[in-house]
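The values are calculated or read from the model by the stated rules, or taken from the named source; none is laboratory data. As the structure is a computational prediction, the values presented were derived from the model and not from experiment. Quick reminder, even Gly has a Cβ in these numbers, built from the backbone with ideal geometry, and neighbours come from all protein chains shown. Surface areas here come from the heavy atoms of the whole protein model, side chains and all, with no ligands, DNA or RNA. Shrake-Rupley method; radii C 1.70, N 1.55, O 1.52, S 1.80 Å.
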Amino acid sequence: MNKTPWWASESFWRKVAVWITGGMLVILIFLTFDTVKKITAGSSRVPAYSVINKRIYYRFNPERGFMEPVIGDDAPLFGKMLSEEEAEKLVSLGKMTIQAKNCMNCHTLLGNGAYYAPDLTKAWLDQGWGAESVRENMMVSFLMDPKTNGRGYGTMRRMPNLGITEEEAHGIVAFLKWMSSIDTNGFPNNFKTIPQEGDQ
Amino acid sequence: MTEPVLASNIMLATMAGAMMILFGAFYAFFFAWSRLKNKASYATLAYLSYGIFVVFTVVLVQVLHLSGYWRILVALLLLGYLLAPHGIWHLCVGTHPHEEEIATRSTPGKSSGLS
Amino acid sequence: MSLLKFDYSSLTPGKKLAVKYFIVAIILFGAQLLFGLIAGAQYLVPGLFYNKLDFNVVRMVHINAMVIWMLYGFIGSVYWLIEDEAQTELVGYKLGNLAFWIFTLAVAVVVVVYLFIQIGPGNQTSLWLINEGREYIEAPRWADIGIVVCVLIFFYNVAATFMKGRWTGIAGVLVLDLVALAGLYLAGMFYTPNISVDQYWWWWVIHLWVEATWEVLVGCIMAWSLMQVLGTPRKIVQTWLYIEVALMFGSGILGLGHHYFWIGTPEYWLTIGGFFSALEPVPLVAMVVHAVYDAGKHDFKNRNHPAMAWLIAHAFGNFFGAGVWGFMHTLPQINLYTHGTQWSASHGHLAFFGAYASINIAMWYIAVQKLRGDVPFDSRLPHAWRWKSALALLNIGVLGMTMALLISGYEQSFIERAIEGSTWAGYFKAQTAKWFMQGMWWRQVFGYATALGYVLLVWDLMTIGKDVPQSVIEADRKERLHGQKTRG
Ligand code: HEM
Ligand code: HEM
Ligand SMILES: [Fe+2]
């Protein structure tokens, strides 16, 4: 006859499986509501798209123990202040282009993607763009013709020409600027930014 | 976030993590084996593995600068890993009650009346 | 098929469908390796196919072929096993067959578009027709919808077959798991400009697939195999399936948090992700104890040595790839540096191969044995060196790649992430570091070993069991008759 103790029985473990799975799912859904609220554009962690009208810094916060984006004075992108809707449209064009050109199978964004090319999380703040005054235009020309304007830093690795139009390049730069304002809990650590007006 | 590891400790930290899982499994393996074979020498190996597991856990706690409630969690983890193989072994014994006597067993080799 | 002497026509409908899925899976596995080799070569020879077949396209084909062949393998495995479990014939063979051809045609079209159109302008049309540009689920939207329809048909077939025949504990777990697997895919089917929201849901698909629903699916397949191959009683197998579900979902669902450290999500995920992913190895350790118990209590005699060997490879691969390699980089204090480096690739290769490629290969051997008229695949098997070398080469190849990537990953974490702060220049400083480059070279060398193993595997699958002497077949038949008597 069957002498299985209750704690080793099939029905007991079926119940345990159901309850644990259900419980974890409930917690996850609860956390998801909270998280999605906190990462919606316009929150403190993920700023509104119109943040591209401002200067963005990446500074060490001793209280939190890591670097965080700091939003500064007006610094309109391509010299034009945009409304929230206009800004969202431009950033969205950039994001859509990044998807359609499949950038994430070479690059990482927020550290996710492929490892063949630099992480773009803080690309907007990269010292590779030389100086604040020329940055925007350098980025546009790089994106439109990376072969001519590339670096490679002593390697032959180059980004290919992806047929990016000027409008799309503007969108991408807007997207990259906006992305650099996201609070990523200190990733990438110790990033060295381009000198910007207002730096101490 | 709590402090990240020092750059020079990245390798140490990841290897300590890998060794924890590895020796945790060795402990579980030798523990089960010693019960199965009824041999004390395997039990010695099991607790030796557990000891190494504890050492690497302590290394990890050090290089990750874990403090405060994290240390309590780690203590619970050490206790949990110590007891888990015992519990799982009990489950194994409990779920396999004199297998031969069970009437409702599947028919191996015979893949239903279809083929 | 007569050329290969396969015994196809005597199969039941479910098994016929299964074989079709397996064949496509094997072909796509080959495509995956081919494109992996090209992608690897592009690290070493940067000008290779520049502006013709760029790294992003090659890599996309590499990882998409993997996701699709594994899904094909799983669908095939379920079709292979379902009739035995439900004790009735598959309900909708014709429908299933139609879905198979639609699915396969769609895959072919998608690949052709990937290779020849590659990319499009930044608008919705590109995302609907060319690719969605989101790692692993790049398939354009129209194909997403096609995939969902085909999966629904598959799901109908599974549920209806169980309904008509016999509903078991494994059936219940499998059906619920398939609902979750398909439902999660929907989480990856929308557009948002917000990259944080995008990645939040993207990880639901990727993580909750490989660390939750796929693990449980594989658990169901394992449960069946154990009953069939070793004759373990159903009650025990099902109890352990529930235990595994409890442990897997208990740790894996919130283990999702290990992807929410750096994407804009709140700081509490550092704690949740760290804690629950530290629990993720627990189910794997539980399996160790249980496997030892079973090995000790049962007679491990079996008639399919290659399948058994690959099942063992699965157990080890899952433990090392997911458990050891996963835990290594999962705590936030470490992941801050290893995030998005070759370290992730090291873990990704060992985990996907160890946990999911291996069990699919085991199923292929189980199927091919039946196709050969159920001849014994044991120590009397002629040309056994073929399956053994394929096993060795594939495993040594992937393990070698994993180690090489680990070395490169360490260099990259140290130089690019920790010292240089992940800048453009810092990235290249790591890429040109001596040991990083060494790792890239060795990855390629072991990649060739892997590919060679694949060639042997395919050759073996096409020829295995063909030359089993009649005397062995007779002896095996007698043994089995005898075995059944003593068992029953
Ligand atoms: C069979 C199961 C598993 C598979 C197939 C798998 C596969 C993968 C893959 C392919 C990636 C890279 C994703 C990308 O492209 O960005 C990844 C990332 C990751 N996995 Fe796993 N994994 C598994 C189990 C685990 C487990 C059990 C853990 C933890 C204990 C874990 C921890 C991680 C972490 C922390 C990352 C993020 C890496 C990063 O920050 O870049 N994985 N996994
Ligand atoms: C012929 C051997 C192979 C070679 C040379 C190869 C090469 C590559 C390369 C170059 C990448 C891109 C990594 C990057 O972004 O830098 C990659 C990604 C990937 N490969 Fe392979 N691969 C091979 C076999 C496999 C196998 C057998 C599997 C699993 C079954 C696999 C699974 C993956 C996964 C999951 C990724 C994405 C990893 C991530 O994003 O972290 N590959 N592979
Ligand atoms: Fe994960």
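Quick one: if the Förster radius is 56 Å, what FRET efficiency do residue A:60 and residue C:389 give, using the C-beta to C-beta distance and rounding to 0.05? Calculated transfer efficiency: 0.50.
I'd like to verify something in chain A: which complete DSSP H helices, judged by Cα projection on the helix axis, reach 20 Å or more and average at least 0.0 on the Kyte-Doolittle scale?
Qualifying helices, which must be both long enough and hydrophobic enough, are A:10-39.
For region A:102-200, what does the alpha-carbon gyration tensor say about shape, rounded, prolate or oblate, given a ≥ b ≥ c as the root eigenvalues, a/c under 1.5 as rounded, and a/b over b/c as prolate? Rounded.
Using a probe of 1.4 angstrom and keeping all protein chains present, the accessible surface of the protein assembly as shown works out to 38 square angstrom per residue.
Once you sort the root eigenvalues of the Cα gyration tensor of chain A as a ≥ b ≥ c, which label holds: rounded (a/c under 1.5), prolate (a/b larger than b/c) or oblate (the other case)?
prolate
Angle of helix C:358-371 to the longest C-alpha principal axis of chain C, folded into 0 to 90 degrees and rounded to 10: 30°.
The charge dipole of the protein assembly as shown, taken about the Cα centre with unit charges on the Cβ atoms of Lys, Arg (+1) and Asp, Glu (-1), comes to about 2280 debye, rounded to the nearest 20. With contributions of -39500 (n - 2.57) from each DSSP H run of at least four residues, the per-residue ellipticity at 222 nm computed over chain A stands at -13000 deg cm²/dmol.
Relative contact order of chain C, taken over Cα pairs closer than 8 Å and 6 or more residues apart, is 13 percent. Each residue, residue A:147 and residue C:45, gets one label point 7 Å from its Cα in the Cβ direction; the gap between the two is 1.9 nm. In chain C, the longest principal axis of the Cα atoms and the axis of helix C:13-44 are about 30 degrees apart.
With the convex hull of its Cα atoms as the shape, region A:1-42 has an orientation-averaged projected area of 3.1 nm². If R₀ is 22 angstrom, what is the calculated FRET efficiency for the pair residue B:3 and residue B:75, using the beta carbon separation as r and rounding to 0.05? The pair residue B:3/residue B:75 has a calculated efficiency of 0.65. Legend: residues A:107, C:207, sorted from most to least accessible area (1.4 Å probe; ligands, DNA and RNA excluded), read A:107, C:207.
Averaged over peptide B:27-40, how many Cβ atoms belonging to another chain are found within 10 Å of each residue's Cβ?
Going residue by residue through B:27-40 and averaging, the value is 3.
Restricting to Cα pairs below 8 Å that are 6+ residues apart, what does the relative contact order work out to for region C:227-298? Please round to a whole percent. Normalised by residue count, the contact order of region C:227-298 is 28 percent. In region A:1-93, taking the dipole from charged Cβ atoms about the Cα centre, the farthest positive-side position among A:8, A:42, A:27 is held by A:8. From the largest down, the protein assembly as shown spans 87, 59, 47 angstrom on the principal axes of its Cα atoms.
Comparing Cα centroids, region A:171-199 and region C:68-129 end up 41 angstrom apart.
Surface calculation, 1.4 Å probe, protein heavy atoms: residue A:138 sits at approximately 60 Å² accessible.
Output the direction-averaged projected area (hull surface divided by four) of the convex hull of the alpha-carbon atoms of region B:11-95, in nm². Kindly include the intermediate steps, with their values, before the conclusion.
Working: hull surface 23.0 nm².
Hull-based average projected area comes out at 5.8 nm².
Computed per residue of chain C from DSSP H runs no shorter than four, each worth -39500 (n - 2.57), the mean residue ellipticity at 222 nm is -24000 deg cm²/dmol.
For residue B:61 and residue A:80, what is the calculated FRET efficiency with R₀ set at 51 Å and r taken between the beta-carbons, to the nearest 0.05? Given R0 = 51 Å and the Cβ-Cβ separation, E is 0.45.
Ranking C:258, B:86 from most to least accessible surface, computed with a 1.4 Å probe over the protein chains only, gives B:86, C:258. Compared with the dominant Cα axis of chain C, that is its longest principal axis, helix C:55-86 is turned about 30°.
Note down the relative contact order for region C:12-167 as a percent, whole number, built from C-alpha pairs under 8 angstrom at least six residues apart.
Values: 174 pairs, mean separation 46.0, N = 156.
Reported as a whole number, the value is 30 percent.
Mind running the shape call on region C:12-167? Use the C-alpha gyration tensor, a ≥ b ≥ c as the square roots of the eigenvalues: rounded below 1.5 for a/c, prolate if a/b tops b/c, oblate otherwise.
Because a/c hits 1.5 or more and a/b exceeds b/c, region C:12-167 counts as prolate.
When the residues A:67, C:403 are ordered by accessible surface, computed with a 1.4 Å probe over the protein chains alone, the sequence from largest down reads C:403, A:67.
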